[in-house]
Amino acid sequence: MERDEKKIEELIDKLMSADTLEKPSIEFTDKVMSKVEAVSNSTITEYKPLISKPIWFIIAGGFIALVAYIYLMEPATNSSWLDRIDLSNVSNPLEQISFNFSTSLMYAVVFLAIMFSIQVPLLKHYFNKRMTF
């Protein structure tokens, strides 16, 4: 076993001594520096929000105008503003649906919720610890 290792080591030594080190071309440093400069001169993407400030002002103004319209156009009474909104025509589509869950499904959902509530803080701590280094 030792003979084989010695022979392999001698063979590697012969190959390494026969092979010479490669030398970079004369313009190697210039080429590398030109690529570094090209990367450093690239433009930085500027942050632009999806919804600009004027659009937010328009949305807020529209909401305020809607609330003012509802509040001012109803006749003044002594009742609260929630009583002014007529919700008698609104129906709940979920009233007709009934859910019957098996006990095993309920146990599975509870177990999933418990495991999720345990794993999220552990993973958050792990990634925060990893980011500090």
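Can you give the local net charge around LEU123? Use residues other than it whose beta-carbon is closer than 14 angstrom to its beta-carbon, Lys and Arg +1, Asp and Glu -1.
That works out to +3.
If each residue's Cβ is checked for other Cβ atoms within 10 Å, how do LYS124, LYS23 rank with the fewest at the top?
LYS23, LYS124
Bear in mind these aren't lab numbers, they're just calculated from the coordinates by the rules spelled out. Bear in mind that the values here come from a model prediction, so they are computed numbers and not experimental data. Backbone-built Cβ (ideal geometry, glycine too); neighbour counts: all protein chains shown.
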